[in-house]
Amino acid sequence: MEALRTWWAERSLREQRLLIVMIALLAIVGLWLLAFRPLSDRLEAEQQRHAEAVTALAQARTRAATLRGREGPSVAAAPLPIEGVISRTSAEAGFANARIAGQGPSRATFALGAVRAPAFFAWIRRLEGRGVVVDSLRARANSDRTLAVEAAFRARGAP
């Protein structure tokens, strides 16, 4: 330590300030590389894993319902208002941030910024089994292999 103090004392004030700035910048870069970047990568990996788990769950529920015979050629009439059916089933499918708006008892709109295609279309298939049909659907591909969707639903037989 004495050698370090002597070395430091031999530096001019300007050199000392530059060394302090250099050490501070090295500390910031080191903190970013050793802490923030791995945490960011881990968060991204966990979000990807969660999205895959939601998709797998939706597919498993669809297969289970099919095996139990819940979804067949006969389609029940949708309970009114269908906004409640869409809200409940979207929550069950894991679409927590969906925007749902009722437009009367037999119509509703649905919008979601990011959803995996297999999970979304499996959910639509379950809705059709409950008597809710798609009136219109608009889907855009996002950069992270998800879709941004806007859909309008109506009860089967509703004008």
Assess whether VAL149 counts as being within 29 Å of GLN48 (Cα to Cα) and assigned to a strand (DSSP E or B). yes
Condition first: surrounded by 16 or more Cβ atoms within 10 Å (Cβ to Cβ) and in contact with a Ser or Thr (Cβ under 7 Å, 6 or more places away or on another chain). Now tell me which residues in the stretch 111-138 satisfy that. VAL115, ARG116, ALA119, ALA122, TRP123, ARG126, LEU127
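Filter the stretch 83-120 down to the residues that are assigned to a helix (DSSP H, G or I) and without any contact (Cβ under 8 Å) to a residue 40 or more places away in the chain and list them by number.
Applying the first criterion (assigned to a helix (DSSP H, G or I)) to the stretch 83-120 yields 83-93, 117-120.
Across the stretch 83-120, the qualifying residues are GLU83, GLY84, SER87, ARG88, SER90, ALA91, GLU92, ALA93, ALA117, PHE120.
Please verify whether ALA24 is within 30 Å of ARG116 (Cα to Cα), part of a helix (DSSP H, G or I) and either of a type outside the set (Lys, Arg) or assigned by TED's automatic domain parsing to the domain that holds THR89 (or both), treating the condition exactly as stated. Step through it out loud before you land on a result.
On the way: within 30 Å of ARG116 (Cα to Cα): no; part of a helix (DSSP H, G or I): yes; either of a type outside the set (Lys, Arg) or assigned by TED's automatic domain parsing to the domain that holds THR89 (or both): yes.
No, not satisfied.
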Within the stretch 140-147, identify whether any single residue is touching a residue at least 24 places away in the same chain (Cβ under 8 Å) and touching an Asp or Glu at 6+ places or on another chain (Cβ under 6 Å), and answer yes or no. no
Kindly indicate whether VAL134 is at negative phi and modelled with pLDDT of 85 or more. yes
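Condition check ((1) surrounded by 14 or more Cβ atoms within 10 Å (Cβ to Cβ); (2) over 26 Å from the mean Cα position of the chain (by Cα); (3) of a type outside the set (Asp, Glu); (4) at pLDDT 85 or above) across all residues:
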| residue | (1), (2), (3), (4) |
| --- | --- |
| PHE36 | no, no, yes, yes |
| SER40 | no, no, yes, yes |
| ARG49 | no, no, yes, yes |
| VAL54 | yes, no, yes, yes |
| ALA58 | yes, no, yes, yes |
| PRO73 | no, yes, yes, no |
| LEU80 | yes, yes, yes, no |
| GLU83 | yes, no, no, yes |
Can you tell me which of (1) under 16 Å from ILE82 (Cβ atoms); (2) part of a strand (DSSP E or B) is the one TRP123 doesn't meet? (2)
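The values are calculated or read from the model by the stated rules, or taken from the named source; none is laboratory data. Bear in mind that the values here come from a model prediction, so they are computed numbers and not experimental data. Glycine also receives a Cβ, built like all others from the backbone with ideal geometry; neighbour counts cover every protein chain displayed.
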